[in-house]
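Notes to accompany the following structure.
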Amino acid sequence: MGMTMTQKILAAHAGVGTVVPGQLISAKLDLVLGNDITTPVAVNEFNKAGFDKVFDKDRIAIVLDHFVPNKDIKAAEQSKQCREFACSHCVSHFYDVGKMGIEHALLPEQGVVTAGDCIIGADSHTCTYGALGAFSTGVGSTDMAAGMATGTAWFKVPSAIRFHLTGKLPANCSGKDVILSIIGQIGVDGALYKSMEFVGEGVASLTMDDRLCICNMAIEAGAKNGIFPVDDVTKAYMAGRCEREPVVYEADADAEYEQTIEIDLSKIVPTVACPHLPENTKPASELGGIKIDQVVIGSCTNGRMEDMEAAYRTLNGKQVAPGVRCIIIPATMQIYKACIEKGWVSAFIDAGAVVSTPTCGPCLGGYMGILAAGERCISTTNRNFVGRMGHVDSEVYLASPFTAAASALTGYITEPKEVTFS
């Protein structure tokens, strides 16, 4: 029996010739990731277990991104603990104020992750890096602690669902519309502990930002990971960027999948996930009567350069609707600086939006955009559970940057084709 991409990566890192779904393995890790919320818990477990050194200072990344710059005393104490641990163990990839960014946008940008890697992170959206042809998955802080000390982790080899992509996305649709459409089709448990493997001629038309977004939300379908093949787009993105030599794995021709789902990208429409689950999707065109109070464009899902460009194209020379708070968050300092140099930040401010330093803040209801009772937000983030962005009686609608920005101009959920682009 042949193996899928994910199974090949796991077999290689387990040091065995082949693996099968359901098999338990111990695999060597290329990177262990934590943030300012999960790392302190991992550090406590690391110390409790009696570990006194990390397995490789160059294979650990700690990114302060959720509550940084620190929002309160507790956040400051957590960040302090991260700083002290990173310093005492000489952690190479430590990102703090001034060089920080949202972890799942920052690590690919900085070349810390690459094709063929086996990665764990104490954050559920660690599955993002499958866009580069890596196996990456979220774990708990205890597993992070063990990974930092030993450089290994236990996995149950996942079975896979094959998503065969054809066609090309229409204008003003993006990877966010693709993954929302898929989750709407299969449900939030439709890929439970499975690998979502994206293949087909349609892959070539998707940008790296599209792919990062799609893999980022694989967890919202319950998946263990999402992964794309390494093609010319991937290689061009990694060229001169990655600190480790990429290793390319390809699925065997006789690899077994639980099912194959056909996705015609040309049929994708601007899609919105309504409260309170990412699977509760509807075309944006059907939601025009829903009034909003807030718009958030950013996060590890949609804070990259193409997302900022979508916001700029939509908002430039126009005005955010009265009564709407529009918050735009570039995902990394490099993206933030590029937006400044291009004049986009000025355009956002002139349109009536605010622009923040990189942070996850509003996505998890942490800060920089908390909702009050009865308020509605359309957001480019990845989850819309009850109370996700604030009060339990608030509502979050998930959408692409095009749809979110178009809605900011009208004050209602708006299909982006209704906006004329300059």
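The values are calculated or read from the model by the stated rules, or taken from the named source; none is laboratory data. Quick caveat, the model's predicted, so the values are computed rather than measured. Heads up, the Cβs are rebuilt from the backbone with ideal geometry, glycines too, and the neighbour counts pull from every protein chain shown. The accessibility values were calculated without ligands, DNA or RNA, using every heavy atom of the protein model including side chains. Shrake-Rupley method; radii C 1.70, N 1.55, O 1.52, S 1.80 Å.
Listed values, structure above:
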read-out	value
Scan of region 61-71 for residues that are surrounded by fewer than 23 Cβ atoms within 10 Å (Cβ to Cβ) and either within 17 Å of the chain's Cα centre (by Cα) or without any contact (Cβ under 8 Å) to a residue 60 or more places away in the chain (or both), ordered by number	Asn70
Within region 39-64, considering residues that are among the acidic types (Asp, Glu) and at pLDDT 95 or above, the one farthest from Asp143 (Cα to Cα)	Asp58
Top-ranked residue in region 173-196 [being assigned to a loop (DSSP other than H, G, I, E, B) and open to solvent by 30 Å² or more (accessible area, probe 1.4 Å); ranked as nearest to Pro283 (Cα to Cα)]	Val188
The listed residue being out of contact with any His (no Cβ under 7 Å at 6 or more places or on another chain), touching a residue at least 60 places away in the same chain (Cβ under 8 Å) and assigned to a loop (DSSP other than H, G, I, E, B), out of Thr414, Thr403	Thr414
Test: residue in region 11-33 that is small (Gly, Ala, Ser) and closer than 27 Å to Val97 by Cβ	no
Enumeration of residues in region 75-105 that are of a type in the set (Ser, Thr, Tyr) and open to solvent by 10 Å² or more (accessible area, probe 1.4 Å)	Ser88, Ser92, Tyr95
Every residue from region 247-267 that is small (Gly, Ala, Ser) and open to solvent by less than 90 Å² (accessible area, probe 1.4 Å)	Ala251, Ala255, Ser266
Of all residues in region 236-246 being touching a residue at least 60 places away in the same chain (Cβ under 8 Å) and not in a helix (DSSP H, G or I), the one that is most open to solvent (accessible area, probe 1.4 Å)	Glu245
Ser346 under 17 Å from Glu309 (Cβ atoms), surrounded by fewer than 22 Cβ atoms within 10 Å (Cβ to Cβ) and modelled with pLDDT under 95	no
Options Ala310, Ala347; residue that is out of contact with any Pro (no Cβ under 7 Å at 6 or more places or on another chain), aliphatic (A, V, I, L, M) and either farther than 25 Å from His66 by Cα or in a helix (DSSP H, G or I) (or both)	Ala347
Residues that are farther than 20 Å from Lys168 by Cα, small (Gly, Ala, Ser) and surrounded by fewer than 23 Cβ atoms within 10 Å (Cβ to Cβ), drawn from region 197-235	Gly222
Filtered residue count, region 118-149, keeping only those that are open to solvent by 10 Å² or more (accessible area, probe 1.4 Å) and part of a loop (DSSP other than H, G, I, E, B)	3
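The rows are residues; the columns are (1) at pLDDT 95 or above; (2) over 14 Å from the mean Cα position of the chain (by Cα); (3) within 23 Å of Tyr336 (Cα to Cα).
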| residue | (1), (2), (3) |
| --- | --- |
| Gly98 | no, yes, yes |
| Ile102 | yes, no, yes |
| Leu107 | yes, no, yes |
| Val112 | yes, yes, yes |
| Asp117 | yes, yes, no |
| His125 | yes, no, yes |
| Tyr129 | yes, no, yes |
| Gly133 | yes, yes, no |
| Gly138 | yes, no, no |
